[in-house]
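Below is one structure, written out as structure tokens, with a few remarks after it.
What follows draws every value from the coordinates through simple rules; no lab data is involved. Since the model is a prediction, treat every value here as computed from it, not as a measurement. Glycine also receives a Cβ, built like all others from the backbone with ideal geometry; neighbour counts cover every protein chain displayed.
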Amino acid sequence: MLTYLLLSLSITSFTTVANKMTGFIVGGQEANIREWPFIAYLVAHKGRDSIAACGGSLISSQTILTAAHCLDDVTKRKKNIGEIKYVIYMGHRLHRRATMRRDMLDYTIHENYDPDDVNYDIGIMFLTNPVQFSHTVKKVVLMNEEMGRYMRQEGGLAVAGWGRFGWDSPGSEFLKSLDQTLLNEDLCYHYIDEPGNTPGIVCGAKHGEVNSTEYAFSGDSGGPLARPRDQRLAGLVSWRMESHGVTVYTSVPFFYSWIENTQRNLFRRYCGKTG
């Protein structure tokens with residue numbers, strides 16, 4: 001049986017979430033928000049309790065790209081969405097000092113998302129109100145299909161988030177980042193014990209070392225795998241094998257058309273509405 005960690009963070013002992021979610025950067029270094037102005041910290045609340053946390057990326061003034069399991073697994077495929085409130089924090093390396101805060105109005109995940117095998121792990125949140133852009137709050141540029149062909153050669157990728165840095169630790173107070181090198185496809189599928197036709201994933205590790213002691217951990221699901229130098233988004237944190245430091249990312253270039261179409265449909269549905 002495949003043993004993996006979904007890299008969202010269960011904040012409380014809310015069992016239906018905690019059973020599936022452990023939540024990120026072990027090692028790495030503190031990050032400058034000006035290199036990651038598109039990053040968002042997403043917290044799901046049920047009543048007075050904060051029950052789960054994830055990362056995300058601002059892709060327009062009113063949409064956040066994140067992992068499907070950060071949404072559907074928490075709301076039980078929207079069955080409990082009336083009881084769950086998502087709050088999104090942006091604009092500061094300490095999320096509790098966020099300069100921009102928004103609530104979620106609705107979300108859409110990929111129609112083929114399967115919580116059992118975590119394929120098609122991608123979703124888009126629609127915010128109640130547009131954000132105000134600033135030097136620390138900006139939308140990211142998506143890598144398209146053509147750029148995706150050269151991601152491995154160009155390098156310069158890193159992952160960032162506020163998740164845990166150990167089993168017994170809380171989430172990080174400061175935004176952290178970790179350099180990532182993408183593995184070739186054959187090596188990726190070998191180390192994650194997946195068939196070679198798994199759709200829309202890429203694997204990364206620090207310096208490409210699969211047994212690195214620095215890797216993604218709890219709380220950073222849905223967070224960005226990006227090229228900070230030009231703020232291009234390459235992937236979203238999805239999950240990690242427990243046995244080594246390889247992290248599996250949902251590929252943004254692979255889902256580029258889906259992202260564009262889904263975002264357009266959300267704006268058509270909710271343009272002018274606030275919650």
Region 28-186: C-alpha gyration tensor shape, a/c 1.5 cut-off, then a/b vs b/c: rounded
If packing is taken as the average count of other Cβ atoms within 10 Å, what order do 178-188, 199-209 fall into, highest mean first? 199-209, 178-188
Only loop residues by DSSP count here, and only those with at most 16 other Cβ atoms within 10 Å; note down the trypsin sites (Lys or Arg not before Pro) in region 39-83 that meet that. R48, K76, R77, K78, K79
